[in-house]
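Let me begin by presenting the structure, written as structure tokens, before commenting on it.
The values are calculated or read from the model by the stated rules, or taken from the named source; none is laboratory data. Only a predicted model underlies this, so the values are computations on that prediction, with no experimental measurement involved. Virtual Cβ from ideal backbone geometry, glycine too; neighbours counted across all protein chains shown.
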């Protein structure tokens, strides 16, 4: 089982990824964790990322891709994974697809967690940095929506995209995620994904 979780900041990707990974024995592969591990270990990729972070720049795609693909080559990811925070651009998505095609293990689904903007705003202001204002958080959400739209279209065209409401309790959302493929008529889920979906009644 190989799943990508998509969603705006505050949508609950990390929480849901951890729940699904734990429930089915998958690797929870989170971009933030991998960045921290590489930077702490002073790997070549970690040093490269730190240089960009220190200068206030975004870490370029080639560094992010190299870190993530290296992580997906580790033994625990061979049996399946939930990706949290990657890919974030078309070039990252294409690099991921290329690598998985080489391994003969394509993605099973890309799950988009949908939350109303006002709820995202509430969540982010409640947990955010002290210098966050409503205006800065709204701007972050607008930037995210703009950069993510091509990614949603990419996975939609591939027949892998399932959008799920992430409003409600953690348990309610995870059940919606697991049932998502059953509600999409144009695509039959793979055998692996069908294992996750609850039986239809």
All but one of (1) at pLDDT below 90; (2) touching a helix residue (DSSP H, G or I) at 6+ places or on another chain (Cβ under 8 Å); (3) surrounded by 13 or more Cβ atoms within 10 Å (Cβ to Cβ); (4) under 25 Å from residue 1 (Cα atoms) hold for residue 192, so report the exception by its number.
-> (2)
Considering each of 26, 69 in turn, give the residue that is touching a helix residue (DSSP H, G or I) at 6+ places or on another chain (Cβ under 6 Å) and either farther than 27 Å from residue 117 by Cβ or at pLDDT 90 or above (or both).
-> 69
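To keep it simple, each residue is scored yes or no on (1) within 30 Å of residue 98 (Cα to Cα); (2) without any contact (Cβ under 8 Å) to a residue 24 or more places away in the chain; (3) over 18 Å from the mean Cα position of the chain (by Cα).
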position: 134; (1), (2), (3): no, yes, yes
position: 138; (1), (2), (3): no, yes, yes
position: 141; (1), (2), (3): yes, no, no
position: 145; (1), (2), (3): yes, no, no
position: 150; (1), (2), (3): yes, no, no
position: 155; (1), (2), (3): yes, no, no
position: 161; (1), (2), (3): yes, no, no
position: 167; (1), (2), (3): no, no, no
position: 172; (1), (2), (3): no, yes, yes
For residue 29, indicate whether it is free of Cβ contacts under 8 Å to residues at least 60 places away in the same chain, surrounded by 13 or more Cβ atoms within 10 Å (Cβ to Cβ), under 17 Å from the mean Cα position of the chain (by Cα) and outside any helix (DSSP H, G or I).
-> yes
Boolean, residue 21 is in a loop (DSSP other than H, G, I, E, B) and closer than 27 Å to residue 176 by Cβ = no
Among the residues of the range 159-171, which ones are touching a helix residue (DSSP H, G or I) at 6+ places or on another chain (Cβ under 8 Å) and over 24 Å from residue 119 (Cα atoms)?
-> none
